[in-house]
Amino acid sequence: MSEDLIIKNFSAVFEKPLLEEVLQIGAVKSVKAGELMMDIGDHIRSMPIIIDGTVKIVREDEEGNEVFLYYVNPKETCAMSLTCCLGNATSSIRATVEEDCKILFLPVQKMDEWMKKYASWRQFVIGSYQNRFEELLGAVDLLAFKKMDERLMTYLQERVKIKKSMELQITHGDIARDLGTSREVISRLLKALEKSGKIKLGRNRLVLIGQSLLV
């Protein structure tokens, strides 16, 4: 079963010799939503690549406040995990499973070797860095240049894309934690969005109104 998943998802990504190595030493594990995949300060012993599901990446300040950075989706890895693997450093982010995941774990000892040995691996690593860098720039832009109501709408739109549903099961406190603000601020902004007809609020849930929000 694991071999079939690897072949199905990565035969068009990795060259054949690399794919054969991945089949020999890679491990596919199922991880439930809500589980912590990686925490700040952890030593990275295996590099994760998402096969199915979604992982949320957050950063934490010295006072324990979290800020959402980006999601890691299927056939992607976290660039910060790559950095830790290649630099033998500890994790500076927290990775939590947003939706049930199947994850391919690869031993960190192979990272440097494969960079020199396989062009497809180099392309995968460079592409991962580029995608994550662009997402981090987007996160910085939101923090630096956007008002909280704009950040909130962007955040909701991203979650809708991830969940593939206009209805989100989420609390005001969860949103506030991800956006690095207070629950009171989020509640006020959500009420304003409901009043303007963009969302409909329920108990620990909300529904985005209008297909244009999926764009």
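The values are calculated or read from the model by the stated rules, or taken from the named source; none is laboratory data. None of these values were measured; they are calculated from a predicted model. For neighbour counting, all protein chains shown are included, and Cβ atoms are generated from backbone atoms with ideal geometry for every residue, glycine included. Side chains included, ligands, DNA and RNA excluded: accessible areas come from the protein's heavy atoms. Shrake-Rupley method; radii C 1.70, N 1.55, O 1.52, S 1.80 Å.
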Which residues, counting only those in segment 26-70, are of a type in the set (A, V, I, L, M, F, W, C), buried (at least 16 other Cβ atoms within 10 Å of the Cβ) and assigned to a loop (DSSP other than H, G, I, E, B)?
ILE44
Residues of segment 1-35 being of a type in the set (Gly, Ala, Ser) and more than 24 Å from THR96 (Cα to Cα), which ones?
SER11, ALA12
Of all residues in segment 71-95, how many are assigned to a strand (DSSP E or B), β-branched (Val, Ile, Thr) and buried (at least 18 other Cβ atoms within 10 Å of the Cβ)?
1
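Condition check: under 23 Å from ASP112 (Cβ atoms) and at pLDDT 90 or above. Does LEU82 satisfy that? Steps first, please.
Numbers: under 23 Å from ASP112 (Cβ atoms): yes; at pLDDT 90 or above: no.
Spelling it out, it is not the case that LEU82 is under 23 Å from ASP112 (Cβ atoms) and at pLDDT 90 or above.
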Take the residues in segment 1-16 that are among the hydrophobic types (A, V, I, L, M, F, W, C) and either in a loop (DSSP other than H, G, I, E, B) or touching a Cys at 6+ places or on another chain (Cβ under 9 Å) (or both), then tell me which one is most open to solvent (accessible area, probe 1.4 Å).
MET1
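Of the residues GLU184, GLU113, only one is of a type in the set (Asp, Glu) and closer than 29 Å to LEU82 by Cα; which?
Numbers: GLU184 fails: closer than 29 Å to LEU82 by Cα.
Every option except GLU113 fails the conditions.
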What helices (runs of 4 or more DSSP H), lying completely within segment 103-213, carry at least 2 residues that are surrounded by 15 or more Cβ atoms within 10 Å (Cβ to Cβ) and at pLDDT below 90?
119-145, 148-163, 172-179
